Amino acid sequence: MQYLHTMIRISDIDASLRFFCDGLGLSEVRRYDSESGRFTLIFLAATDDMDAARTQKAPLIELTYNWDPEDYTGGRNFGHLAYRVDDIYALCTRLQDLGITIHRPPRDGHMAFIKSPDGISIELLQSGDALPPSEPWLSMPNTGSW
């Protein structure tokens, strides 16, 4: 058995690509539009997975956009996606600069939670040892749920 991808239904392609690509730094690997099925699939990979993703040997995020509007609920029921990151403070700063809420700040220099535009929780984990606790993260409270 091989893990292939995680599918997330999205309601706005531009907002989702801004979040996942501009914010998290993922890259689009491929895209498929189905005229008859009335949907678009966009496959994304993390930077360190790009070579393997091109040969379909790395897990991907599949963003599914249905052309006919739907309301998606239950994002929290999904659980969360998790990514290992090189510098959790730098990434959280970039996300904040894009207007993305850090729901669980990286007070411990190790872990943070954010949400996609459609309410999917995403865990960010510092690669290697935790970074030394520092402001503004150290005294930043949790916001909402994750």
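Some observations on this one:
- Folded to 0 to 90 degrees: helix 88-97 orientation relative to the chain principal axis, Cα: 70
- Extension reserve of the D108-M140 stretch, reckoned as 0.36 nm per residue once the Cα distance is removed: 10.4 nm
- Cα-based radius of gyration for the chain, normalised by 2.2 N^0.38 Å, reads 1.08.
- Simple spin-label estimate for A82 and F39 in nanometres, 7 Å along Cα-Cβ: 2.7
- In terms of other Cβ atoms within 10 Å, K115, K57 run from fewest to most in the order K57, K115.
- Only beta bridges with both residues in the chain are counted; by DSSP, about 60 percent of them are antiparallel.
- Residues E35, E28, sorted so that the one with the fewest Cβ neighbours within 10 Å comes first: E35, E28
- When only the Cβ of Lys, Arg, Asp and Glu is charged (+1, +1, -1, -1), the dipole of region 58-137 relative to its Cα centre reaches about 220 debye.
Just so you know, all these numbers are worked out from the coordinates, no wet-lab data involved. On a predicted model such as this, the values are computed, not experimentally measured, just so you know. Methodologically, a virtual Cβ is constructed for each residue, glycine included, from the backbone with ideal geometry; neighbour enumeration extends over all protein chains shown.
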